[in-house]
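Please see the structure below; I have some questions.
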Amino acid sequence: MTDFFASYLGYEAGWFVATLIGILLIALPLMLAVAMIIYADRKIWAAMALRRGPNVVGPFGLLQSFADGLKVFLQETIIPTAANRGLFLMAPIITFTVALISWAVIPFGPDMVLANINVGLLYILAVSSLGVYGVIIAGWSSNSKYPFYSALRAAAQMVSYEVSIGFVLISVVLWAGTFNLQGIIDAQRGLYGFINGFGFNPLLFPMWVVFLISSMAETARTPFDLTEAESELVAGYQTEYSSMAFALFWLGEYANVLLMCALNAVLFWGGWLPPIDWAPLYAVPGILWLFAKIFFFFFVFSWVKATVPRYRYDQLMRLGWKIFLPLSLFWIFIVSGFLMLTRYGGHA
Amino acid sequence: MIQAFAFYLFAGLMILSAGLTITARNPVHSVLWLILAFFNAAGLMLLLGAEFIAMLLVIVYVGAVAVLFLFVVMMLDIDFAELRAGFTKYLGVGSVLAVALAAEIVIAIAVHSAGPIDLNSRMAPTPATVSNVQAIGALLYTRYLYIFEAAGLVLLVAMIGAIVLTHRTRRDDRAQKASRQIARRPQDATRNVNQPVGVGVEL
């Protein structure tokens, strides 16, 4: 795309226009996907609870999310008088922006990636570590008890699980030998000669389990949604928010969930590669494989949300620090030792 | 052209946010300005082609260190009047520090313009095919291996020290053992009774 625009506008302007269009091509469908995924989440959740779910607005209730969006758009934004006004308004913007910018490095196909950078995975790690600021700032600037508790919980929870996510990513990087996401996908091609995906590798499968659970904790989804535990904290850091500010949190949260599903697919299950390394399957465009995988993992997220009760805070911390951290650290030794013996011939 | 623009943008914003970090009245605002300064530093690193360092800066400083700063600062009970009263008290020490820093900057510039000490060791350009991560990794794990490991050891000792200092076992500790809770079956705690009418339950 850059070449196409560069041939008309010269290199710098062409690059600028192409990047701008690329951003829009990712962000706008992503927003649409978030609206539909919220609907899907409510439908799945309802089906598991033997309810009907949204079924009034549009055919099968498909337009429910848009109706909700219109509703919050028309509502008045209420800012508490005791709140720290600037930061209070900035917090949802931070959450929303951070949820969007990670998508820049996600590869959608062999050549479909906005920024194919060397340190793609580190970029994801860096950006996902920023997500906590939206929550902390929202909790603090609301100047209210429950949001503040929620902010404290969020800070500790997200930092804890980032540690194990980091170690999991290191074992993936060790195996792939690169931080570049396209490189990681390429490294997954033809495992045992016929399947694509690190998840099929018995040495990396346990790390995927750790990653899946940690990604639920990182996005504060239900078994770990202590930041907005309604039985204890009303609605956590969102308590004082209304209308569009609230909607931005909501959108950002689901965009983050989708991102984590995409990361599960890209890092462990072959991304845009078909699951089996068989020529006819490559006829299906890679982007469809990626979307199918993302939706599958989203279903797993909803499934867990519908069936698993919320953790207590001490259980959450125990899982993060006493189980996942030692396990993933130990696993790095195993993976690097195995690679040393097999791939690098037993000597450094 | 765009590099120069980006440099002045990042550098200017960094100096601005660094200034606001120390002048902001509210400590939470200070930390947030500090975070912005970290970001701009990462941007400068990117301009230098050190993308690995840039990402590490964001991950380590913004993602972890500043979160802990914010965590502590948020819980402070701030008395603004007292903060302002302290200003004159620390004026002397502060100005000495400021003069020392300014002098160091001037000396550094003078030394730099006088020419480097050894041109060969000043810069070790890496070939374009070797990525940042590879270049740093190869250096850290071969030439500087012992120093690197020693740094890791120092950090480990610091971590263990912090844990030992803050950890205390309480005598009335009622920590739950997850394995025992999971191993517990309904029969251990409940029983079924076929209760006849008019007779109390025997506990």
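Criterion first (within 12 Å of chain B (Cβ to nearest Cβ) and at pLDDT below 85) does A:A126 satisfy it?
So A:A126 fails the test.
Kindly check whether there is at least one residue in the range A:54-65 that is of a type in the set (V, I, T) and surrounded by 14 or more Cβ atoms within 10 Å (Cβ to Cβ).
Yes, there is a match, as at least one residue in the range A:54-65 is of a type in the set (V, I, T) and surrounded by 14 or more Cβ atoms within 10 Å (Cβ to Cβ).
Can you find a residue in the range A:254-269 that is without any contact (Cβ under 8 Å) to a residue 40 or more places away in the chain and under 20 Å from the mean Cα position of the chain (by Cα)? Working first, answer last.
First, pick out the residues of the range A:254-269 that are without any contact (Cβ under 8 Å) to a residue 40 or more places away in the chain: A:265.
So of that shortlist, the ones also under 20 Å from the mean Cα position of the chain (by Cα) come out as A:265.
Taking every residue of the range A:254-269 in turn, at least one turns out to be without any contact (Cβ under 8 Å) to a residue 40 or more places away in the chain and under 20 Å from the mean Cα position of the chain (by Cα).
Okay, next question. Looking only at the range A:1-53, filter to residues that are more than 29 Å from A:F249 (Cα to Cα) and not in a helix (DSSP H, G or I); which one of those is modelled with the highest pLDDT?
Residue satisfying both the conditions and the ranking: A:G10.
Then there is this: Would you tally the residues in the range A:66-98 being over 13 Å from A:A138 (Cβ atoms) and of a type in the set (G, A, S)?
3
Then there's this: So which residues in the range A:7-41 are among the aliphatic types (A, V, I, L, M), touching a residue at least 40 places away in the same chain (Cβ under 8 Å) and closer than 21 Å to A:A104 by Cβ, if there are any at all?
Matches in the range A:7-41: A:I23, A:I26, A:A27, A:L30, A:M31, A:A33, A:V34, A:I37.
Of everything in the range A:157-170, what is out of contact with any Gly (no Cβ under 9 Å at 6 or more places or on another chain) and either within 12 Å of B:F71 (Cβ to Cβ) or crowded, with 21+ Cβ neighbours inside 10 Å (or both)? Give them in sequence order.
A:I165, A:F167, A:V168, A:L169
Moving on to the next point. Here are the criteria: (1) buried (at least 16 other Cβ atoms within 10 Å of the Cβ); (2) farther than 24 Å from A:P202 by Cβ; (3) among the β-branched types (V, I, T). Tell me which single one A:T307 does not satisfy.
(1)
Inside the range A:110-211, counting only helices (runs of 4 or more DSSP H) that do not spill past its ends, which hold 1 or more residues that are of a type in the set (S, T, Y)?
It comes to A:120-128, A:131-141, A:145-176.
Here is a yes/no grid of residues against (1) in a helix (DSSP H, G or I); (2) closer than 21 Å to A:L263 by Cβ; (3) away from chain B (no Cβ under 14 Å):
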| site | (1), (2), (3) |
| --- | --- |
| A:F297 | yes, yes, yes |
| A:F301 | yes, yes, yes |
| A:M317 | yes, no, no |
| A:L327 | yes, yes, yes |
| A:W331 | yes, yes, yes |
| A:S336 | yes, no, no |
| A:L339 | yes, no, yes |
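Please name all residue pairs, on different chains or six or more residues apart, with Cβ atoms under 6 Å, provided the first residue is in the range B:47-60 and is at the interface with another protein chain (Cβ under 10 Å from one of its Cβ atoms) and the second residue is assigned to a helix (DSSP H, G or I) and polar (S, T, N, Q).
From residues that are at the interface with another protein chain (Cβ under 10 Å from one of its Cβ atoms), the pairs are B:E51/B:N132; B:F52/B:N132.
Something else about it: Please tell me if A:F96 is more than 14 Å from chain B (Cβ to nearest Cβ), modelled with pLDDT under 85 and either part of a helix (DSSP H, G or I) or within 16 Å of the chain's Cα centre (by Cα) (or both).
No; evaluated as a whole, the condition is false for this residue.
Please give the number of the condition A:A82 fails out of (1) in contact with a helix residue (DSSP H, G or I) (Cβ under 7 Å, 6 or more places away or on another chain); (2) farther than 20 Å from A:S302 by Cβ.
(1)
Among residues belonging to the range B:10-32 that are away from chain A (no Cβ under 14 Å) and touching a helix residue (DSSP H, G or I) at 6+ places or on another chain (Cβ under 8 Å), point out the one that is surrounded by the fewest Cβ atoms within 10 Å (Cβ to Cβ).
Only one residue fits best here, namely B:I22.
Follow-up question, since we're still on this one. Does A:S215 satisfy the criteria of being small (G, A, S) and within 14 Å of chain B (Cβ to nearest Cβ)? Lay out the reasoning, then the answer.
Working: small (G, A, S): yes; within 14 Å of chain B (Cβ to nearest Cβ): no.
No: the conditions fail for A:S215.
Hey, another quick one. Only residues that are charged (D, E, K, R) and surrounded by fewer than 10 Cβ atoms within 10 Å (Cβ to Cβ): list them for the range B:139-183, please.
B:R168, B:R170, B:R171, B:D172, B:D173, B:R174, B:K177, B:R180 - these are the residues of the range B:139-183 that are charged (D, E, K, R) and surrounded by fewer than 10 Cβ atoms within 10 Å (Cβ to Cβ).
To continue, here is another question. State all residues of the range B:61-78 that are outside any helix (DSSP H, G or I) and more than 10 Å from chain A (Cβ to nearest Cβ); if no residue qualifies, say none. Break it down into steps so the answer makes sense when it comes.
At the first step, the residues of the range B:61-78 found to be outside any helix (DSSP H, G or I) are B:75-78.
Passing the criteria: B:L76, B:D77, B:I78.
Just to verify a result, which residue in the range A:131-155, among those that are surrounded by fewer than 24 Cβ atoms within 10 Å (Cβ to Cβ) and at the interface with chain B (Cβ under 8 Å from one of its Cβ atoms), is nearest to A:G252 (Cα to Cα)?
Among those that are surrounded by fewer than 24 Cβ atoms within 10 Å (Cβ to Cβ) and at the interface with chain B (Cβ under 8 Å from one of its Cβ atoms), it is A:A155.
When you scan the range A:306-314, do you find a residue that is assigned to a helix (DSSP H, G or I), under 30 Å from A:S231 (Cα atoms) and within 14 Å of chain B (Cβ to nearest Cβ), even just one?
Yes: the range A:306-314 contains one or more residues that are assigned to a helix (DSSP H, G or I), under 30 Å from A:S231 (Cα atoms) and within 14 Å of chain B (Cβ to nearest Cβ).
Still on this structure: Is there a residue in the range A:174-196 that is more than 10 Å from chain B (Cβ to nearest Cβ), modelled with pLDDT under 80, buried (at least 23 other Cβ atoms within 10 Å of the Cβ) and in contact with a strand residue (DSSP E or B) (Cβ under 8 Å, 6 or more places away or on another chain)?
Taking every residue of the range A:174-196 in turn, at least one turns out to be more than 10 Å from chain B (Cβ to nearest Cβ), modelled with pLDDT under 80, buried (at least 23 other Cβ atoms within 10 Å of the Cβ) and in contact with a strand residue (DSSP E or B) (Cβ under 8 Å, 6 or more places away or on another chain).
Do you know which of the residues in the range A:75-120 that are free of Cβ contacts under 8 Å to residues at least 12 places away in the same chain and more than 26 Å from B:L32 (Cα to Cα) is surrounded by the fewest Cβ atoms within 10 Å (Cβ to Cβ)?
Among those residues, the one meeting the criterion is A:D111.
The values are calculated or read from the model by the stated rules, or taken from the named source; none is laboratory data. Quick caveat: nothing in here was measured; it's all calculated off a predicted structure. Cβ coordinates were reconstructed from backbone atoms using ideal geometry, including for glycine residues, and neighbour counts include every protein chain displayed.
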